[in-house]
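For reference, the structure is listed below as structure tokens.
Nothing in this text is a laboratory measurement; each read-out follows from the coordinates by a stated rule. Because the structure is predicted, anything quoted here is derived from the model rather than measured. Neighbour counts run over all protein chains shown; Cβ positions are idealised from the backbone, glycine included.
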Amino acid sequence: MLDSCRVSLIAKLKACFGRKAEPEHLRRGRLGERAAKKHLQAQGLKFLAANFRSEHGEIDLVFRDGDCLVFVEVKARSSEEWTRPAAAVDARKRRLLSLTAEVYLRKLDDRRVKWRFDIVEVLLADGEVREVRQVANAFVADTRRPRRR
């Protein structure tokens, strides 16, 4: 009974103050993107855009590294127990990122610019950033269109 009263009180307080609890995966993703951005800026890259969207998907961060555009996929995880976070960027995800990057490049005046894909792994512990690792030039663009059946 006491637990249900406590839960009810918390729900009422949240309703009164208008803030819904943010899902954990969104909070973790936001924290990861902020940590990745800070890490890349400390490496001397110039921030250009965040969360660039196209009909194919989203690129988390876009930077400039000298004369090269860097499209960044951020993977934040609280555990590496099974696999590294970068392993989540499978062939399908690489293709969607490539197609989204192609849309970004079409918007530029000079599409001959050099570009690459990086993956930034952000490891979290107790809701705090524990480690940030950059995998530069993580994969080659794949702009093949999926076959229609």
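Quick notes
- Histogram of C-alpha separations across the range 23-139, 5 Å bin width, %: 2, 12, 23, 24, 20, 12, 5, 2, 0
- Entries of LYS38/LYS107; LYS37/LYS75; LYS46/LYS107; LYS75/LYS114 with Cα pairs more than 21 Å apart: LYS38/LYS107; LYS75/LYS114
- Paramagnetic reach from GLU131 in the range 82-116 [backbone N under 15 Å; point 7 Å along Cα→Cβ]: 82-87
- Taking every DSSP bridge with both residues inside the range 23-139, close to 65 percent are antiparallel.
- Count Lys and Arg as plus one, Asp and Glu as minus one, and take only other residues whose Cβ is under 15 Å from that of PHE47; the net charge is then +1.
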